[in-house]
1. For the stretch 14-44, give me the residue count where each residue is open to solvent by less than 10 Å² (accessible area, probe 1.4 Å) and of a type in the set (Phe, Trp, Tyr).
2. Could you tell me which numbered condition residue 360 fails, if it satisfies all but one of (1) surrounded by 18 or more Cβ atoms within 10 Å (Cβ to Cβ); (2) among the aliphatic types (A, V, I, L, M); (3) in contact (Cβ under 8 Å) with a residue 24 or more places away in the chain?
3. Restricting attention to the stretch 369-390, which residues are free of Cβ contacts under 8 Å to residues at least 40 places away in the same chain and not polar (S, T, N, Q)?
4. Would you please list the contacts, defined by Cβ atoms under 8 Å and residues six or more apart or on different chains, that run from a residue in the stretch 99-113 that is closer than 23 Å to residue 31 by Cβ to a residue that is surrounded by fewer than 18 Cβ atoms within 10 Å (Cβ to Cβ) and charged (D, E, K, R)?
5. Looking at (1) in a helix (DSSP H, G or I); (2) out of contact with any helix residue (DSSP H, G or I) (no Cβ under 8 Å at 6 or more places or on another chain), which is the only condition residue 105 fails?
6. How many residues, within the stretch 99-122, are more than 19 Å from residue 346 (Cα to Cα) and either open to solvent by 60 Å² or more (accessible area, probe 1.4 Å) or touching a Gly at 6+ places or on another chain (Cβ under 6 Å) (or both)?
7. I need a count of the residues in the stretch 269-313 that are surrounded by fewer than 22 Cβ atoms within 10 Å (Cβ to Cβ) and not in a helix (DSSP H, G or I).
8. Being in contact with a helix residue (DSSP H, G or I) (Cβ under 9 Å, 6 or more places away or on another chain), of a type in the set (S, T, N, Q) and surrounded by 20 or more Cβ atoms within 10 Å (Cβ to Cβ) narrows it down to one of 64, 80, so name that one.
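The values are calculated or read from the model by the stated rules, or taken from the named source; none is laboratory data. The shown structure was predicted, so the numbers you read here are calculated from the model rather than taken from an experiment. Because the Cβ atoms are built from the backbone with ideal geometry, glycine has one as well, and the counts that use them run over all protein chains shown. Only protein heavy atoms, including side chains, enter the accessible area calculation; ligands, DNA and RNA are left aside. Shrake-Rupley method; radii C 1.70, N 1.55, O 1.52, S 1.80 Å.
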Amino acid sequence: MRESLVDERVRGTDKIWTRDFIMICLANMCIFMGFQMTMPTLPLFVEQLGGDDRLVGAVLGIFTFSALLVRPIAGRLLETKGRRIVFSAGLAIFALSVGSFGFMGSIGLLFMMRIVQGVGWGFSSTASGTIASDIIPAKRRGEGMGYYGLSGNLALAFGPSLGLFLVTVIPFQELFLICSLLGLFAIIAASLIRYQKVESDPSAAVRAKRFDIYEKSALQPSLLIFFISVTFGGIATFLPLYTAEKGVGGIQWYFLVYAMALMVTRLFAGRLYDRRGHRAIFVPSTLLIMAGMLLAWMPSEAVLYIAAVLYGFGFGSVQPALQAWSIEKTAPNRKAMANATYFSFFDLGVGIGAIVFGQISFLFGYRSIYITAAASIFISMIVYLCIIRSEDKLKSMERR
């Protein structure tokens, strides 16, 4: 009851492209752009500060673990305090922390500031996904989440390439300040959104007193995204270093090709989910991701771009489907916690991927990363088939 009321008659329509939806997409794109510009450049900054692959993995991975820890808190605050305050606070923390990176003169200080950045990311990204699900009509949720995901994909299309280009012409300090400025633009866009009111929930006080850190209905898709997002830790963190070691150019174009493939899938994957569900999407998508991983360990420019297309098609299809699945059967007043659960598992996968792959690359070389990543995808397929088998068995019992 604490926030400005969005007219329920407007919410009741099936229109996706409202002013509020455009603003949340714009805010999401700005914050993702600031995030993506640092993903391939932070490993280079850590190396400049004297770090090796293990420290690269630690600095990249700790960010996701701090985000993971605050997501349940963000979910509860979104349910009790409202969308606006959580989203705005997260964006502000993110912008201030990323702008400070260039002033960190040691890896230890950078490590600590990455923890702070993770807090801002955990709050802002959990809030953003929740706000988008508030705005999107329920009947078009898969399609709407796909379009919402495009805002992050646009950032992914240009962010890594732009970041890698800028570090060749300006100091790291100026790059990080530009990323911070993008966070400020996100705050401005967020201030223009008409937020959904917080519904009063009699059980909220009870849940606040207990160990309420996840939404049960979102666990299955969240577990699957964990195994899939492990691969992203290997791609975003170590592929620039691997291609540099092998003397393969075009890494900036890899991220652009990958993001373009992602965007193409967003145009149809969400509608396919709305019509046929996750069963039509999951297995084909994960097979494409696995193929992209297996090709990534044999770098040449041509193979690199083929791997980018396969990975983009696969990840771009399965990620919004799993996010829509995670809130599909969730009570309206638990959507924030469902999003928190989903992104917590996503963060955990990226964080474990960055840290574990840092150790693997140090001990066995970069190639081993991508074989391990393909194995993680194979595990996700086995888990999915177990979930489907369990669902079919339950439906069979209900018919009797």
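1. Qualifying residue count, the stretch 14-44: 1.
2. (3)
3. 375, 382, 385, 386, 389
4. The qualifying pairs are 102/174.
5. So residue 105 meets the others, but not (1).
6. 6
7. Total satisfying the criteria: 4.
8. Within the list 64, 80, the selection yields 64.
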